[in-house]
Amino acid sequence: MLAWQMLADGDRVMVAVSGGVDSLFTAALLAWWRRKAPVDYGLINVHIDLGYQEGAAEAVANACQGLGLALRIERTAYGPAALAAEGGKNVCFHCARKRRNHLFELARALGCNKIAFGHHKDDLIETFFLNLVYSGNLSTMVPRQSLFSGRLELIRPLALLAKKEIVAAAEQNNIRPVKDPCPHADDSRRAAVREMIKGLEAAAPGCKRSIFAALANPREGYLLDRSSGLGV
């Protein structure tokens, strides 16, 4: 967080809490850091209930309560609506877009200038492969991203931590994730890419370290130039 200057005095930060171990750990970490940090910032934890399963949002609220955290629940039907869109195609795209826009609108309404997500190092690597394989571009998520002419920033405090490190720290601090009610949680494109990366790591142990390093080490002179007609 310090290297990327994610937090500043007077910030009002919305934490997007899905109920997974990453978002719960992020919420707990920011609450803990607030008591120790040399800056004063506000926090509000928000869960977007996608409408998949009755009681799912309450389970997330209970998990937060166990950590001494308050949670605001936003009720929606984004999940079923995404399942119905395009005959069930691109469910994750439609659901994620609605959820993200809801967070943006809520941040503006509540006067939050930053939204914190629980994305970690593995997520950044997976996003790179998702964009490479399915979107035809070289990009990933970044630890800190400015939007809307600087009026809102997305921060990812766990961006330099591996998933296994977060899971270990969560277990040590009795942070228990809530099962994802999404019916596509295990068969999404991200899940497929995750398995692909597991295969790469098995074939070339340690390759994820090189892949992550490559995200900050582009050799632009050795990439195709669209203006040359070689790009697609």
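Quick check on region 18-73: of everything there that is of a type in the set (S, T, N, Q) and part of a helix (DSSP H, G or I), which residue is surrounded by the fewest Cβ atoms within 10 Å (Cβ to Cβ)? Checked region 18-73; the qualifying residue surrounded by the fewest Cβ atoms within 10 Å (Cβ to Cβ) is GLN65.
Of (1) more than 20 Å from the chain's Cα centre (by Cα); (2) acidic (Asp, Glu); (3) within 22 Å of LYS164 (Cβ to Cβ), GLU58 satisfies all except one. Which? For GLU58, the exception is condition (3).
Filter region 110-161 down to the residues that are among the aromatic types (Phe, Trp, Tyr) and closer than 17 Å to TRP4 by Cβ and list them by number. Please lay out each step first, then the result.
Narrowing region 110-161 to residues among the aromatic types (Phe, Trp, Tyr): 117, 128-129, 134, 148.
PHE117 - this is the single residue of region 110-161 that is among the aromatic types (Phe, Trp, Tyr) and closer than 17 Å to TRP4 by Cβ.
Scanning region 116-140 for residues that are among the hydrophobic types (A, V, I, L, M, F, W, C) and without any contact (Cβ under 8 Å) to a residue 24 or more places away in the chain gives a single hit, LEU132. Quick check: anything in region 195-202 basic (Lys, Arg) and free of Cβ contacts under 8 Å to residues at least 24 places away in the same chain? So far as region 195-202 goes, yes, one or more of its residues are basic (Lys, Arg) and free of Cβ contacts under 8 Å to residues at least 24 places away in the same chain.
Do we find that ALA31 is more than 13 Å from the chain's Cα centre (by Cα), under 24 Å from ARG108 (Cβ atoms) and at pLDDT 95 or above in this structure? Spell out how you get there, then give the answer.
Details: more than 13 Å from the chain's Cα centre (by Cα): yes; under 24 Å from ARG108 (Cβ atoms): yes; at pLDDT 95 or above: yes.
Here the answer is yes, as ALA31 does meet what is asked.
The values are calculated or read from the model by the stated rules, or taken from the named source; none is laboratory data. Worth saying up front: this structure is predicted, and the values here are computed from it rather than measured. As a convention, Cβ positions derive from the backbone with ideal geometry for all residues, glycine included, and neighbour counts pool all protein chains shown.
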